[in-house]
Every structure is written in structure tokens, then in C-alpha cells.
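Here is the structure we will look at.
The values are calculated or read from the model by the stated rules, or taken from the named source; none is laboratory data. Worth saying up front: this structure is predicted, and the values here are computed from it rather than measured. Here the Cβ positions follow ideal geometry from the backbone for every residue, glycine too, while neighbour counts run over all protein chains shown. Accessible surface is based on the protein model in full, side chains and every heavy atom, while ligands, DNA and RNA are left aside. Shrake-Rupley method; radii C 1.70, N 1.55, O 1.52, S 1.80 Å.
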Amino acid sequence: MKEISSKIPIRKISVSGGEPTLYWDNFVKISEECRKYAPDCEFSMTTDGFRFDKLMTSHVVELYDYIQLSRHHYDDEINNSIFKSKTPTTDEIIKYSKYKKTEDQFQIRCNLIKNHIDSKEEVFKFLEWVGKVGINNVGIVSLMPVNDFSKDNFIKFHMRELISDNFFLLKEWSFKGSCE
């Protein structure tokens, strides 16, 4: 970070993984070094919430502009079964979303998965849950069919399927590349 930042301005850093908080001390050091050498960059991370309580009660949370929580179902137990581990509960997410430093600091990212969030009705249930936990920024994407799991559970879905007489679009986003 020191060498790169001495040569070019760093505008954006995203920490993801696997799970970035798995090795907590390394995660803290990486986070501090990134912010130290790129103090004005847009700094984000993606987590499944493995150490959510520890993250949210640590000084590290203040270093990040955006924290994307991977959450693939609105039901806590189903979400745990998808991740095959304990993930933050709805109540924990509500608790910490109240302390965000900006409106979009906490974000939810959902993968569409067969037999879980896999239809228009389920997407709307998920969006209702996101509203309940107090988070305004949500991303919903299909799995990339690159391995057996993602091929077997792939949902072909386009967000235009949601737009109808009952859907009010507040923002329009466009992306370059393969994301939409």
C-alpha cells in the first residue's frame, strides 16, 4: 500500500474473500494500512458476518465507507443453512444498522438460489425484510454458473421482471461489463 500509494492515487479499495474477518488480526492490520495509505479512497468490504458483532463493536467499522453483508435469505435459520454457519440474526442487523455513519454504509447483497430466493414473490419478501432491518442499499444477483453448486442452483432472473404497475423505481443504475 505504501509503495502503490506513493506512485498513483488510490481511489477505491474493496476487501473481500472468502471471509475477510476470518483471521481477525490480519484483517485489522490490512484495514488500518489501507486507510493509512489511501485516506481519501472509497473503502468497502464484503462479509458473510462471521465476526459481525466483533466488527461492529470495533474501531475498524469506522474505517469503512461501505460494508456489504452477504445475506441470501430473509429467514435466519435458512440463511444459516445456506452458509453452513451461524450468520447475523435479523435482530443483530437491526441493532447495528442504527449506528451507520452514512445512509449507505451498510448494504445487503443477495444471491438468487434455487428453492430459496428464486421468484418474484421471494424477491419481494426479501426486499420487505431488507426494509425491516433498516438498510436502504440492496443488491440481488444470479449466481455465476462456474461450478456444480452454482450451475445446479442458478436462477435466470432479470430485474425488469419486477417492474410492473406496483413497482416504483426511485433510482436507475447502470453498470459496464457483465453486471446489470
**Study point:** Whichever aspartates and glutamates have a C-alpha closer than 17 Å to that of K156, once near sequence neighbours (fewer than 8 apart) are set aside
**Key:** D118, E121, E122, D148, E180
Point to revise | Convex hull volume per residue for the chain, taking Cα atoms only, in Å³ | key: 144
**Study point:** Surrounding net charge for D48, when Lys and Arg each add one and Asp and Glu each subtract one, Cβ distance under 11 Å
**Key:** +4
Check your understanding: Got a sec to turn the phi values of the stretch 17-34 into Karplus ³J(HN,Hα) couplings, 6.51 cos²θ - 1.76 cosθ + 1.60 with θ = phi - 60°, whole Hz, x for Gly and Pro?
Key -> x, x, 9, x, 8, 4, 9, 3, 4, 5, 4, 4, 4, 4, 4, 5, 5, 4
Practice item. Calculate for the chain the 222 nm mean residue ellipticity that helices alone would give, adding -39,500 (n - 2.57) per DSSP H run of length 4 or more and normalising by residue count, nearest 500 deg cm²/dmol. Key: -9000 deg cm²/dmol
Check your understanding: aspartates and glutamates near K86 by alpha-carbon distance under 14 Å, same-chain residues fewer than 8 away left out - which ones?
Key -> E19, D48, D53, D75, D76, E77
**Study point:** Amide hydrogen neighbours beyond the local backbone of N137, cut-off 5 Å, H modeled
**Key:** I108
Exercise for review: Would you list, by chain and number, the aspartates and glutamates whose Cα falls below 15 Å from the Cα of K2, excluding same-chain residues fewer than 8 positions away?
Suggested key: E32, E33, D40
Exercise for review: Would you calculate the separation in nanometres between label points at N115 and E77, each defined as 7 Å from the Cα along the Cα-to-beta-carbon direction?
Suggested key: 1.6
Exercise for review: Taking only protein heavy atoms into account and a 1.4 Å probe, give the accessible area per residue of the stretch 1-144 in Å².
Suggested key: 54
Revision key, fill the gap. Expressed in µm² per second, the diffusion coefficient of the stretch 73-155 from the Stokes-Einstein equation, with Rh the Kirkwood radius over alpha carbon pairs, at 10 °C and 1.306 mPa s, is 117
Study note, to complete from the structure: Distance in nm between I4 and D91 label points, each 7 Å along Cα→Cβ, equals 4.1
Study note, to complete from the structure: Rounded to a whole %, the carbon-and-sulfur portion of the accessible area of the chain at a 1.4 Å probe is 53
